Structure formats: structure tokens, C-alpha cells
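The structure follows.
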Amino acid sequence: MAKKIMFQGTASSVGKSIISAAFCRIFNDEGLKVAPFKSQNMALNSYVTIDGKEMGRAQVVQAEASRIAPMVEMNPILLKPTSDVGSQVIINGKVYKNLNAKNYFDMKVKLKDIVLRAYNSLDSSFDVIVIEGAGSPAEINLRGNDIVNMGLAEMVDSPVILIGDIDCGGVFASLYGTVMLLSEDERARIKGFLINKFRGDIEILKPGIKMIEQKINKPCLGVIPYMDLQIDDEDSVTNRFIKKNNGEIVIGVINLPYMSNFTDFTALEAEQDVSVRYVYNEKELLDADLVIIPGSKNTIKDMQYVFNSNLDKAIYKKRKEGIPIIGICGGYQILGQEISDPNLVESACTSINGLSLLNIKTEMLKEKQTKQVTGKIITKSQVFQSLDNNIVSGYEIHMGKTELLENTSPIIRLDDGRYDGAVSQDGKVIGTYLHGIFDNDEFRNSILNVIRKKKGLQDDSTAFSYKELKEKEYNRLAQIVKENCDVRAIKKIMELE
């Protein structure tokens with residue numbers, strides 16, 4: 001049986017995912033075979049495994065930190081919100097159905113066996129399992145049939161480390177309130193706490209740590225400093241939407257309400273001369289050198305948002321200025337003539353006009369396409385001529401089937417014989433279904449060099465390796481956490497020592 005540790009938080013976005021990733025790398029560095037686990041993930045950022053199954057990106061990051069391939073057993077249940085009260089439920093990597101919050105809550109008791117089977121498959125194959133909770137264990141209205149926080153800790157008999165976020169304020173109150181709202185048995189599972197995202201003089205913090213240790217009778221196992229890392233984050237509640245870079249190349253990503261896979265742009269954000277801006281209005285798009293329309297979990301609703309917010313006018317203006325426009329997955333569909341949903345797969349609307357910047361039309365189907373793919377760029381575009389023959393890989397996650405209409409050419413010939421994407425006749429508008437396409441170093445560099453040349457900037461003839469950058473960041477994350485956390489105490493809690 002594997003040794004295990006579970007990281008729970010006083011709230012969402014306190015850093016559970018990133019701290020879990022740190023310990024995946026720390027334990028793996030010690031020669032242990034490590035797997036991450038999160039029973040239920042709610043996120044619009046997802047990934048497709050080699051066998052075509054869909055899972056949350058957070059566990060993909062943790063798997064990479066563990067130096068292993070992601071497996072759907074690491075995240076057996078994924079909820080992808082389609083509205084304020086409903087989600088697409090994905091079980092063991094495949095779509096189950098769309099459910100509202102109440103119906104999903106009612107079926108949670110049936111999901112326990114699914115969660116346990118997934119966990120047990122890892123338990124028999126790994127030395128250590130690093131488990132991540134969701135939200136807060138003190139959400140007492142959700143305690144019945146809980147499968148992700150204390151309920152899961154009980155199911156697999158795991159000790160728990162509680163994480164509090166000092167950056168948002170009230171960390172002592174949140175630690176105290178969380179512990180006090182738990183039952184005695186649940187409190188006993190918490191073996192200590194971490195304070196995350198600290199900035200300032202730790203000597204000033206120490207009296208508060210001593211007082212809270214006495215009040216909750218739990219030791220502080222570390223104070224982790226605020227870290228600015230180039231690692232994919234999970235939550236839509238993320239500072240990437242407000243963070244401003246100073247790069248000379250401005251990329252405007254349309255901030256759709258149901259944006260999916262904003263992790264597609266992490267590699268672009270790592271470029272030194274690039275500023276990725278998530279835009280809400282025409283003003284924020286004025287100086288953009290490239291416009292990207294991202295993926296969407298509800299393409300029709302997001303298309304309505306683009307029209308209602310007048311972002312369509314801003315996009316048309318950039319088109320007239322000759323600025324390149326790229327659509328990914330749902331963004332690719334939005335660039336077309338029409339999006340239809342006759343089976344009401346994603347929304348209650350059966351059809352909507354697109355931006356008509358590509359001569360394509362899309363119909364939503366009942367079956368989701370989930371597949372890792374590789375192919376060759378065949379744009380024949382005068383604008384992006386340097387892209388031709390580039391080999392790219394990525395993954396497809398979409399319900400829609402897109403048809404190319406008159407005078408429209410695909411941009412990628414896939415290795416499985418299919419074609420992907422479309423390009424406008426003047427070569428300035430491109431669409432593709434491939435998530436992760438900007439992770440391809442040569443593709444990303446070719447796109448940026450076209451813009452660099454237009455702006456009179458120096459070409460970057462050698463693309464940096466995004467894969468190598470991620471490895472350095474995982475190592476840096478692990479080192480920072482090791483230096484600011486009592487790893488030995490945590491290993492004793494896990495009975496690793």
C-alpha cells in the first residue's frame with residue numbers, strides 16, 4: 001500500500017494544487033514513485049490522456065511534477081460548468097451527462113465506488129499518493145456524501161495538512177474557523193497547517209503563528225512565500241486575468257465567460273517580449289498585435305456575449321487593420337458563419353451566427369471528440385509562410401463538427417489522415433481545434449516572429465523549450481517549498497520515516 005498525504009484548504013485558490021505539485025516533485029526527487037490524486041475536480045481547464053480520456057489540468061501538472069504520464073485515475077470525476085447551476089459531468093474520462101447542482105449532489109453516494117476504484121488502482125502501483133482536496137472541508141452544507149475533502153480522507157484513511165492563504169487576508173481566522181467547524185474525528189485527521197503566499201517579515205508573523213497553534217492545537221509545518229511561477233494554474237479565480245506584463249508584443253485574448261483551457265496561453269506568457277492581456281472591451285484590444293479567441297465550454301452563450309459586449313465590433317476593427325486573428329476550439333467555431341446545436345448539447349439555443357471571419361459552419365454533436373494528435377502545418381499562407389511544414393501536437397476536446405465551405409483550406413494535415421482547422425484567403429485568420437498548440441516551440445516562435453518583423457523588433461531565431469522551462473519551474477517550486485517547510489515532519493506524519 002502507498003503512503004499518502006492529503007492537502008486541504010481553508011478556501012478555493014489557497015494553493016492546494018501547487019503545494020501538492022511541489023510535494024510530488026519533492027518525493028520523486030527522493031526516488032519514490034509518486035502519483036497525484038483528486039477525486040473530483042471542477043474546472044474548465046482539461047487535458048486528454050494518451051488513451052483519449054479527459055481529466056483536470058491540475059493533476060496533469062502534478063503528474064508532470066511526479067515525472068509520470070497523466071492517467072485519468074488521478075482525477076476520476078471532472079465537472080465542467082456549463083451555467084451558474086449546471087455542469088457537464090465527466091466520469092473516468094468520458095462524458096456522463098449534464099446535471100444541475102442538485103441532481104449531481106443526489107448522485108454523489110453512487111460515485112464513492114468510482115472514486116475508490118480509481119484510488120485503489122494507484123494505491124497498488126505507487127509508493128506515495130499526494131491527494132488534493134477541493135474548496136474547503138468546512139463547507140458544512142456539502143458534508144453529506146462528501147467525496148473530495150474529509151469524506152475522501154476517511155475513505156482512504158489519509159492524514160491531512162490544512163493550507164491557509166495569507167495573501168488574501170484573514171488567514172488566522174480562516175484556519176481557526178475551518179478547524180472549529182469540523183467534527184472531533186475530522187479535526188484529529190489534521191496533523192498540521194501551512195501558511196501560503198506570505199510576503200513580508202516572518203518575525204512579525206511568528207506571534208500570530210504561536211497563538212493559532214495554541215488555539216487549534218495543531219503545529220505550523222511551514223510558511224511558504226508568495227511564488228511567481230510559470231506553471232499552469234487550475235482555478236478560473238486566478239491572477240493571470242489581472243496580471244500585466246510589459247512585453248512589446250501585445251496579445252489580446254478575448255475573456256469569454258465560459259473560457260476553457262486558458263492554460264493554452266501559458267507558453268505565450270513565458271515569452272519575454274510578450275504581454276498576454278485578457279480583454280473584456282474594445283479599449284483593451286486597441287493596441288493588440290494578435291487577437292486570440294480561446295476555447296469555450298458553451299460556445300453559443302459565449303458567442304452571444306461577444307455580440308452583446310460589442311467585442312465583435314472590436315474584433316472586426318482589428319481585422320480591418322490587418323491584425324492576425326487565431327481561434328482555438330470554441331474560438332475556431334466562433335470565427336465561422338454559424339454555430340448550430342440542434343440537440344441542445346451545450347445550451348437552450350439551437351443556432352447562432354458566428355463572426356463570419358472564416359467560411360465554415362459548426363454543428364454540435366452528442367459525442368465528444370477527445371484525442372491527442374500530431375500533424376503538419378499546410379497553411380500556404382503568405383502571412384504565416386514560416387509555419388509551413390512545422391510539426392505540431394496537441395489535443396482535441398470538442399462536441400462540434402466543423403465543415404469547411406467554399407474557398408476555405410485546412411491548416412493542419414493530421415497523422416491519422418484527417419485535416420484540422422481553417423485559414424482565410426488572405427491568411428490572416430486561422431482556426432484550429434488543437435489545444436496546446438502554442439506549447440509547440442517552433443509554431444509559437446514562427447507566429448511571434450511575424451509580429452516581431454512587422455513591429456521592427458529583432459527576430460528570435462531560436463525558440464526556447466517550453467518543456468525545459470516547465471522542468472526548471474517544477475524544480476524551483478520544490479526547492480522553495482523544501483526551504484520553507486518541515487518536510488521531515490510531514491514524512492513522519494506519512495510514516496515515511
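Report whether or not Asp302 is surrounded by 24 or more Cβ atoms within 10 Å (Cβ to Cβ), assigned to a helix (DSSP H, G or I), in contact (Cβ under 8 Å) with a residue 12 or more places away in the chain and not hydrophobic (A, V, I, L, M, F, W, C).
yes
Also: State all residues of region 365-396 that are in contact with a His (Cβ under 6 Å, 6 or more places away or on another chain) and over 27 Å from Asn449 (Cα atoms); if no residue qualifies, say none.
Gln369
Let's see how each residue does on (1) farther than 25 Å from Leu344 by Cβ; (2) of a type in the set (Gly, Ala, Ser):
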residue	(1), (2)
Ser39	yes, yes
Met42	no, no
Val48	no, no
Asp51	yes, no
Arg57	yes, no
Asp84	no, no
Ser87	no, yes
Ile90	no, no
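Could you please give the count of residues in region 254-282 that are over 20 Å from Gln333 (Cβ atoms) and either modelled with pLDDT under 90 or not in a helix (DSSP H, G or I) (or both)?
Total satisfying the criteria: 11.
Among the numbered criteria (1) farther than 30 Å from Lys366 by Cα; (2) touching a Leu at 6+ places or on another chain (Cβ under 7 Å), which one does Ser424 miss?
For Ser424, the exception is condition (1).
Specify which of the listed residues (Gly394, Gly354) is outside the structural domain of Val48 (by TED's automatic domain parsing) and within 23 Å of the chain's Cα centre (by Cα).
Sole residue among the options that is outside the structural domain of Val48 (by TED's automatic domain parsing) and within 23 Å of the chain's Cα centre (by Cα): Gly394.
As an exercise: evaluate Lys472 against (1) in contact with an Asp or Glu (Cβ under 6 Å, 6 or more places away or on another chain); (2) under 26 Å from Gln372 (Cα atoms) and give the number of the one condition it does not meet.
Condition (1) is where Lys472 drops out.
Name the helices (runs of 4 or more DSSP H) wholly within region 398-497 that hold at least 3 residues that are closer than 30 Å to Gly192 by Cα and within 25 Å of the chain's Cα centre (by Cα)?
Helices (runs of 4 or more DSSP H) meeting the threshold: 466-483.
Only one of (1) buried (at least 17 other Cβ atoms within 10 Å of the Cβ); (2) out of contact with any strand residue (DSSP E or B) (no Cβ under 8 Å at 6 or more places or on another chain) fails for Gly421. Which number is that?
(2)
Let me ask something else about it. Go through the residues of region 32-40 one by one and say whether even a single one is free of Cβ contacts under 8 Å to residues at least 60 places away in the same chain, closer than 23 Å to Glu396 by Cα and of a type outside the set (S, T, N, Q).
No: zero hits.
While we're on this one: Those residues that are touching a Lys or Arg at 6+ places or on another chain (Cβ under 8 Å) and not aliphatic (A, V, I, L, M), I need them from region 281-316; list them, please.
Glu282, Glu284, Asp289, Lys297, listed by residue number.
Among the residues of region 147-157, what is the count of those that are buried (at least 22 other Cβ atoms within 10 Å of the Cβ) and of a type outside the set (A, V, I, L, M, F, W, C)?
Within region 147-157, residues that are buried (at least 22 other Cβ atoms within 10 Å of the Cβ) and of a type outside the set (A, V, I, L, M, F, W, C) number 1.
Given the conditions (1) modelled with pLDDT under 95; (2) under 30 Å from Tyr280 (Cβ atoms); (3) among the hydrophobic types (A, V, I, L, M, F, W, C), which single one is not true for Ile377?
Of (1) modelled with pLDDT under 95; (2) under 30 Å from Tyr280 (Cβ atoms); (3) among the hydrophobic types (A, V, I, L, M, F, W, C), only one is false for Ile377: (2).
Next up: Would it be correct to say that Leu358 is closer than 23 Å to Val306 by Cα and at pLDDT below 95?
Against the criterion (closer than 23 Å to Val306 by Cα and at pLDDT below 95), Leu358 does not qualify.
Out of everything in region 107-128 that is in a loop (DSSP other than H, G, I, E, B) and at pLDDT 95 or above, what residue ends up being surrounded by the most Cβ atoms within 10 Å (Cβ to Cβ)?
Top of the filtered list is Phe126.
Further question: Kindly indicate the residue of region 283-299 that is charged (D, E, K, R) and in a helix (DSSP H, G or I) and also nearest to Pro257 (Cα to Cα) among those meeting that condition.
By that ranking, first place goes to Glu284.
Quick test of your reading of the structure: Arg143 fulfils all but one of (1) without any contact (Cβ under 8 Å) to a residue 24 or more places away in the chain; (2) in contact with a strand residue (DSSP E or B) (Cβ under 8 Å, 6 or more places away or on another chain); (3) surrounded by 15 or more Cβ atoms within 10 Å (Cβ to Cβ). Name the failing condition by number.
So the condition that Arg143 fails would be (2).
Something else about it: Please find, within region 357-368, the residue that is farthest from the chain's Cα centre (by Cα) out of those that are among the hydrophobic types (A, V, I, L, M, F, W, C) and assigned to a strand (DSSP E or B).
For region 357-368, the residue satisfying everything is Ile360.
One line per residue, one yes/no per condition, for (1) of a type outside the set (S, T, N, Q); (2) assigned by TED's automatic domain parsing to the domain that holds Leu434; (3) touching a Cys at 6+ places or on another chain (Cβ under 9 Å); (4) closer than 22 Å to Ile195 by Cα:
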site: Phe7; (1), (2), (3), (4): yes, no, no, yes
site: Ser13; (1), (2), (3), (4): no, no, yes, yes
site: Asp51; (1), (2), (3), (4): yes, no, no, no
site: Glu64; (1), (2), (3), (4): yes, no, yes, no
site: Pro70; (1), (2), (3), (4): yes, no, no, no
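Results for (1) in contact with a Leu (Cβ under 8 Å, 6 or more places away or on another chain); (2) closer than 14 Å to Ala21 by Cβ; (3) crowded, with 18+ Cβ neighbours inside 10 Å, shown as yes or no for each residue.
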residue	(1), (2), (3)
Thr462	no, no, no
Glu468	no, no, no
Tyr474	no, yes, yes
Leu477	yes, yes, yes
Val481	no, yes, yes
Glu495	no, no, no
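Sticking with this structure for a sec: May I ask you to verify whether Leu404 is modelled with pLDDT of 95 or more and surrounded by fewer than 19 Cβ atoms within 10 Å (Cβ to Cβ)?
yes
Restricting the search to region 412-432, which residues are within 13 Å of Val373 (Cβ to Cβ) and not acidic (Asp, Glu)?
Hits for region 412-432 are Ile412, Arg413, Leu414, Gly417, Arg418, Tyr419, Gly421, Thr432.
With respect to the numbered conditions (1) out of contact with any helix residue (DSSP H, G or I) (no Cβ under 8 Å at 6 or more places or on another chain); (2) surrounded by 14 or more Cβ atoms within 10 Å (Cβ to Cβ); (3) not assigned by TED's automatic domain parsing to the domain that holds Thr82, which one is the sole condition not fulfilled by Asp439?
Asp439 satisfies every listed condition except (1).
The values are calculated or read from the model by the stated rules, or taken from the named source; none is laboratory data. From a predicted model like this one, the values you see are computed outputs, not experimental measurements. Don't worry about glycine lacking a Cβ; one is built from the backbone with ideal geometry, like all the others, and counts go over all protein chains shown.
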